[in-house]
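Heads up, the thing below is written out as structure tokens.
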Amino acid sequence: MSVMIETQNLGRHFGPIKAVDGISFQLSKGEVLGFLGPNGAGKSTTMKMLSCFLTPSFGSAKVGGYDVVTQSREVRSLLGYLPENAPLYGEMEVLDFLRFVGEVRGLASAKLQDALERVVGLTSLEAVVCQRIETLSKGFKRRVGLAQALIHDPEILILDEPTDGLDPNQKHEVRSLINSMARDKSIILSTHILEEVDAVCTRAIIIAEGKIVADDAPELLKRRSSAYGAVVLTFQKPPADNFAGVLSSLPGVREVREEQFAGHKTSYILLPQPGANLLPVVVRESEAQKWPLTDLRMETGQLDQVFRDLTQ
Ligand SMILES: Nc1ncnc2c1ncn2[C@@H]1O[C@H](COP(=O)(O)OP(=O)(O)O)[C@@H](O)[C@H]1O
Ligand SMILES: [Mg+2]
């Protein structure tokens, strides 16, 4: 696979603040990489360096083989960038603004017209094309920002919190859009919404205090969760007294936690011993004993748990 983005020990300090403190990674075509991290972790600063808005204090970054410092024109023509607070020209109308960005990108006449129609459709802006940007809701402004990042159909997309300010339906639309573009582009997005990583990212880098603390597929990250492989049984009424004791004697069970819910439901969370596969054991036992289960499921790991462990 061809490497589209490569950073080596990339860093940016603001006086005493180590915003980004030596980040190294590679990104290939077809990957959707999520930058995850708490506020102030250095996600936006990293994206600004990759898109030539900020000069690195040290280290290097290449985009499409071009150096972000010495070949910034080439880099900027290759990528589309949605900044954290899209610096849109508030007094311009949406279509005028997008036409302006397209012209700056070197598009003209029929090509420009096609590009405008394409991005307005992709980001569902049809209803507001003649409205002044400053009069739009936050969600629409965000989509105008996205449209301008896509106007030249770039190979590489850098999207700083693309779904920030969108309602759940709009979030879903933007995620579908990202998924549909994923195959033939390289995309980096930042988010602190963990479900977003699951929904769109093939890979996640967790950043804390300017450093990479994890770099893996979301599925594999989740396996680091202490809840990975846990089996959860829920009953309207537990079938026996001290049922937690019964469950903890099953083979492979390390620990049993009991939770009461409103409506008198009780759940038992069975944590596995290392390497144990609890689900078949529980299923066999529940059939043999005819347990009156209302719900049975296996935890596939909790990204938020992993995230908290790694960033605190
Ligand atoms: N222009 C700047 N001047 C001084 N400090 C900055 C500047 N930009 C960002 N920082 C600081 O760098 C750190 C990382 O910020 P940022 O990259 O925006 O984090 P994130 O996007 O992960 O929330 C923060 O502590 C922030 O206050
Ligand atoms: Mg940010």
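Taken together, the values in this text are just the output of simple stated rules run on the coordinates, not laboratory data. Small disclaimer: the values here were computed from a predicted structure and weren't measured. Neighbour counts run over all protein chains shown; Cβ positions are idealised from the backbone, glycine included.
Quick rundown of the values:
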{"read-out": "All aspartates and glutamates inside 16 Å of residue 290 as judged from Cα atoms, apart from same-chain residues fewer than 8 positions distant", "value": "241"}
{"read-out": "Mean ellipticity per residue at 222 nm, deg cm²/dmol - from DSSP H runs of n ≥ 4 across the chain, formula -39500 (n - 2.57)", "value": "-10000 deg cm²/dmol"}
{"read-out": "Residues whose placed amide H lies under 5 Å from that of residue 81, excluding near-sequence neighbours", "value": "158"}
{"read-out": "Cα-Cα pairs of the range 214-300 separated by more than 18 Å (percent)", "value": "42"}
{"read-out": "In degrees, nearest ten, helix 94-104 long axis to first principal axis of the chain (Cα)", "value": "70"}
{"read-out": "Gaussian network model of the chain, Cα within-10 Å springs - most flexible of 148, 113, 260", "value": "260"}
{"read-out": "The range 41-190 - Kirkwood radius from inverse mean 1/r over Cα pairs (Å)", "value": "15.7"}
{"read-out": "Cα-Cα over 30 Å, subset of 185/211; 48/185; 43/265; 138/265; 18/62", "value": "43/265; 138/265"}
{"read-out": "Listed residues 178, 89, 106: farthest to the positive end of the dipole of the range 3-222 (Cβ charges)", "value": "106"}
{"read-out": "Relative packing of peptides 15-22, 287-294, 72-79 - highest average C-beta neighbours within 10 Å first", "value": "72-79, 15-22, 287-294"}
{"read-out": "Debye, to nearest 20: dipole size of the range 3-222, +1 on Lys, Arg Cβ, -1 on Asp, Glu Cβ", "value": "320"}
{"read-out": "Mean-position separation - Cα centroids, the range 157-222 and the range 81-153, in angstrom", "value": "22"}
{"read-out": "Mean Cα-pair separation over length for the chain, i.e. relative contact order, pairs under 8 Å, 6 or more apart, %", "value": "19"}
{"read-out": "Alpha carbon convex hull of the chain, volume per residue in cubic angstrom", "value": "174"}
{"read-out": "The range 146-194: Cα Rg divided by the 2.2 N^0.38 Å rule of thumb", "value": "1.10"}
{"read-out": "Against the rule of thumb 2.2 N^0.38 Å, how large the Cα Rg of the range 26-110 comes out", "value": "1.26"}
{"read-out": "Residue of 187, 269, 151 that the Gaussian network model of the chain assigns the largest fluctuation, springs spanning Cα pairs under 10 Å", "value": "269"}
{"read-out": "Fluctuation leader among 258, 299, 219 - the chain, Gaussian network, Cα springs under 10 angstrom", "value": "258"}
{"read-out": "Ratio Rg/Rh [Cα only; Rh per Kirkwood] for the range 109-241", "value": "1.12"}
{"read-out": "Mean Cβ neighbour count within 10 Å, used as a protection proxy, ranking 138-145, 211-218 highest first", "value": "138-145, 211-218"}
